[in-house]
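Below you'll find the structure, written out as C-alpha cells, and then a few comments.
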Amino acid sequence: MPGELLMSGESGPARNAPLATPPDRPLQRDGRLKVLLDAGPAVHQSAGLARYTESLASALWRHCRDAIDLNLFYNRHSGHRPPDSLSPVPARTLTLGQYPWRLGVLACQLLRAPIVERRLEPGSIFHATEHLLPWTARPSVMTVHDLIFERYPQHHTLANRAFLRVAMPLFVRRAGAIIAVSRHTKQDILELYGTPPDKIHVVAEGIEERFRPARAEEVRRVMESHSIRRPYLLMVGTLEPRKNHALAFEALARLKAEGRPHCLVVVGSKGWLFDDVRKKVALQGLAGDVIFAGRVPDTDLPALYSGACCFLMPSLYEGFGIPVLEAMACGAPVVCSKASSLPEVAGSAARYLEPMTAEALAEAVLQVLSNPQTSAQMRAEGLRQAARFCWRDAAMRTVDVYRSVAGGAWEVGARIAQS
C-alpha cells in the first residue's frame, strides 16, 4: 500500500535438500560472518546499480563490521577502481573483459565450473549485487533489482534479453537467498520463477545523508554551472525508453501552451535509443526548453533537486525508484507514475498519474505550480517520507539475510550442488 515502509521479507530457511558434503562454514574471524560482496557495478557503472552497490557496501563497512568481515570482489577489466568511499575495504579481483566476464559467469553456472570459486576466500558468503551470480557451492545471496526484461522486453536489446532469459532463472534458483529491493520485485520473482516465498527477503534501499535541502546560494551556483536560467522541472535517470521522457516532453509542450516559463532539466547518462529521445524534443518544438545536462557530479544533485519546482518520474517500470526519494529528501514536490514499485517508495507524498497521459501529467504539474500551499504540503510530506529510508537500516537487514544463509549453510550448499 502507498506509504507502507518496506521491511525485510519473511525470514526463514529455504526448502533445502539434505547435505552430502558440507561447504566451509562462513563463520570465523572473531565470530563474524565472512562476506565477499560484488563491487563491480560501483566500479564500472554510473546509474542505479552503481549507487546501490556503493551505498550498501559503504553502510555495511561503517555500521556492521562487528557482525561481518567484509571484502569486495570485482572484475578489473577496465582499469577502474572502486569509488573513494570504498577505498578502506579490502578487495579481491580478477581481470577479464566485460563481455567475456558476463558470458563466463553464465558458462560457469551451466558447466558448474569453479573458476571464480578459486578466487573466493574459503568459507565466505558471496553477495551478487547485480544480476550476475558466479557458480559457487558456498552460501550466496543475490540482489534482484527488477525483471524489466520479462515485463517490458521491448525496452531491452535483443542480446541482453537473450542473456537474461537464460541466466536469471538459473541464478535465482541457485542463490541461497534473494534480496528484492521492493515488494513489487518480490512479487515478480514469485510469479515468473515460482521461487519459494521464504527465500526472498525484501530490503528497501536507503537515502544517502548528502541528500537534503540545499542552501539558496548553492542552488544558484549549480543552476549557473549548468546554464539553467529559468524555473525548471527535473527528471533524473538514464535516458532510455522505459523512463518515458516522451510523455514529459508532451506535458511540457502543454505547459508551454499555457504560458508557463518552465524548462525541463534532464539529468542522466545516454542510454539505449538516446537519439530517439532527442528527436522527440525537436518534434515537439522544445529545443530551447529541454536541457540535457548529462551525467552531473554527485555533489550537484542535491542542489538540482532542491531548486526544482517539481520532480517528474513518469516511468513505465522501476525496480525501486531511488530518484523519487532523493528528490523528496531535498524538498522537491514529486509527480510520478503508479507503475511497479513507485507507490511503495513515494507513499502518499507524491501526486500520481491516473491515467498515464501527457494531459494528466501536465495537469498534475500545474496543480503544484499554481498552488503554493499544495507545493509546500508536498515538500513537507516528501521530507517525512524520505526520512523513513536509510542505508544503515538496509545494511542491518542485509546482514540478517547473510545470517539466514549462514545458519543453513550446509543445506544451502547441498541444494545448490544438486540444482
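The values are calculated or read from the model by the stated rules, or taken from the named source; none is laboratory data. Computed from a predicted structure; not experimentally measured. Ideal geometry is used to build each Cβ from the backbone, glycine not excepted, and the neighbour counts take in all protein chains shown.
Looking at the stretch 335-413, the helices (runs of 4 or more DSSP H) lying wholly inside it that each contain 1 or more residues that are surrounded by fewer than 18 Cβ atoms within 10 Å (Cβ to Cβ) sit at 358-370, 372-386, 391-407. Annotation for the stretch 85-101: at least one member residue is at negative phi, at pLDDT 80 or above and of a type in the set (S, T, N, Q). May I ask you to say which residue of Ala327, Ala395, Ala308 is within 24 Å of the chain's Cα centre (by Cα), over 24 Å from Leu233 (Cβ atoms) and either outside the structural domain of Tyr152 (by TED's automatic domain parsing) or at pLDDT 95 or above (or both)? The unique qualifying residue is Ala395. Exactly one residue out of Phe171, Phe163 is modelled with pLDDT of 90 or more and either within 22 Å of Ala59 (Cα to Cα) or hydrophobic (A, V, I, L, M, F, W, C) (or both): that is Phe171.
State which residue is modelled with the lowest pLDDT when the search covers only the stretch 58-84 and only residues that are aromatic (Phe, Trp, Tyr) and touching a Pro at 6+ places or on another chain (Cβ under 8 Å). By that ranking, first place goes to Tyr74. The strands (runs of 3 or more DSSP E) falling completely within the stretch 219-334 that include 1 or more residues that are free of Cβ contacts under 8 Å to residues at least 40 places away in the same chain and not hydrophobic (A, V, I, L, M, F, W, C) map to 290-294. The conditions of being touching a Leu at 6+ places or on another chain (Cβ under 8 Å), surrounded by 13 or more Cβ atoms within 10 Å (Cβ to Cβ) and either modelled with pLDDT under 95 or not assigned by TED's automatic domain parsing to the domain that holds Ala339 (or both) are met by Gly268. Looking at the structure I just gave you, is Val281 hydrophobic (A, V, I, L, M, F, W, C), under 29 Å from Ala180 (Cα atoms) and in contact with a strand residue (DSSP E or B) (Cβ under 6 Å, 6 or more places away or on another chain)? So Val281 fails the test.
Residues to consider are Phe274, Phe249; find the one that is closer than 16 Å to Ser315 by Cα, touching a Leu at 6+ places or on another chain (Cβ under 7 Å) and at pLDDT 85 or above.
On inspection, the qualifying residue turns out to be Phe249.
The single residue among Val334, Val345 that is over 30 Å from Phe171 (Cβ atoms) and modelled with pLDDT of 95 or more turns out to be Val334. Looking only at the stretch 30-58, how many residues end up being surrounded by fewer than 23 Cβ atoms within 10 Å (Cβ to Cβ) and over 15 Å from Pro82 (Cα atoms)? Counting residues in the stretch 30-58 that are surrounded by fewer than 23 Cβ atoms within 10 Å (Cβ to Cβ) and over 15 Å from Pro82 (Cα atoms) gives 4.
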